[in-house]
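Read-outs: derived from the displayed coordinates by stated rules, not from any lab. Predicted model, so just to flag it, every value in this text is computed and none were measured. Cβ sites come from the backbone with ideal geometry, for glycine too, and all protein chains shown count toward neighbours.
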């Protein structure tokens, strides 16, 4: 998205970073021509992200998780293993 000189100047004057703008655009609510992310909504996003982080840490502790799917069907799931897949005949 293009930014105007006015936008860049206001970001600088008001201490708003590009990452803040990105997060407001990602999690904010469209109100006419404005995208708004208020204090309460930001807190809710933080809570959601903390929950995701907790689950991701569990996945990391397991060494990863694999989900096998086919179209819209979930077939199976198992812990990730770094072992190399065997195909064909065994080596001697």
Notebook entry, point to check: Taking segment 59-73, which residues are in a strand (DSSP E or B) and surrounded by 10 or more Cβ atoms within 10 Å (Cβ to Cβ)?
Noted result: 65, 66, 68, 69
Notebook entry, point to check: For segment 27-45, how many residues meet the condition of being surrounded by 10 or more Cβ atoms within 10 Å (Cβ to Cβ), out of contact with any strand residue (DSSP E or B) (no Cβ under 9 Å at 6 or more places or on another chain) and in a loop (DSSP other than H, G, I, E, B)?
Noted result: 0
